[in-house]
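No value in this document is a laboratory result; all are computed from the given coordinates. This is a predicted model, so every value here is computed, not measured. Ideal geometry is used to build each Cβ from the backbone, glycine not excepted, and the neighbour counts take in all protein chains shown.
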Amino acid sequence: MSASLRFSRRFLAELEANIAWYELHRPGRGAEFEQAVDHALKRVRDFPQSAAAWRKQFRAVRLKVFNHAIVYEFADGQVFVVGLFHG
């Protein structure tokens with residue numbers, strides 16, 4: 001069974017800013033970044049406990065092509081996505 005996803009304002013703002021940055025520097029790259037995030041979020045939704053634990057209560061899943069990680073909490077069948085980090 002898939003977990004439900006909720007997003008922090010911080011994550012949504014970081015996502016929007018990163019898409020715009022990639023698109024500005026190379027047209028089409030913003031869409032590729034957005035697809036990579038969507039793919040990672042589908043993995044998180046379907047397998048929320050498979051990502052590596054990070055700082056006790058959080059988990060982090062890295063994007064395969066981009067040097068970013070999605071950080072989230074998983075509890076009671078819900079995923080709360082807290083941030084999108086570079087590095």
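Run the dipole for the chain about the Cα centre, Lys and Arg Cβ at +1, Asp and Glu Cβ at -1, nothing else charged, and hand back the magnitude in debye, nearest 20.
260
Got a sec? Which residues in region 46-87 would a label at Arg29 touch, if it sits 7 Å along Cα→Cβ and we count backbone N under 14 Å?
65-68
Note the listed values [x] 19.2, 79; [y] 20.7, 68; [z] 12.7, 40, then indicate which one is Rg and Dmax of the Cα atoms in Å calculated from this particular structure.
[z]
Pop a pseudo-label 7 angstrom from the Cα along the beta-carbon direction at both Glu73 and Ser8 and give the gap in nm to one decimal.
0.9
Relative to the longest principal Cα axis of the chain, at what angle does helix 9-25 sit, 0 to 90 degrees, rounded to 10?
With rounding to tens, the tilt is 30 degrees.
Given the -39500 (n - 2.57) contribution per DSSP H run of 4+ residues, what per-residue ellipticity at 222 nm results for the chain, rounded to the nearest 500 deg cm²/dmol?
That comes out to -13500 deg cm²/dmol.
Provide the FRET efficiency to the nearest 0.05 for the Ala20-Val65 pair, computing r from the beta carbons and using R0 = 22 Å.
0.75
What's the angle, to the nearest 10 degrees (0 to 90), between helix 29-46's Cα axis and the longest principal axis of the chain?
Rounded to the nearest ten degrees, it is 10.
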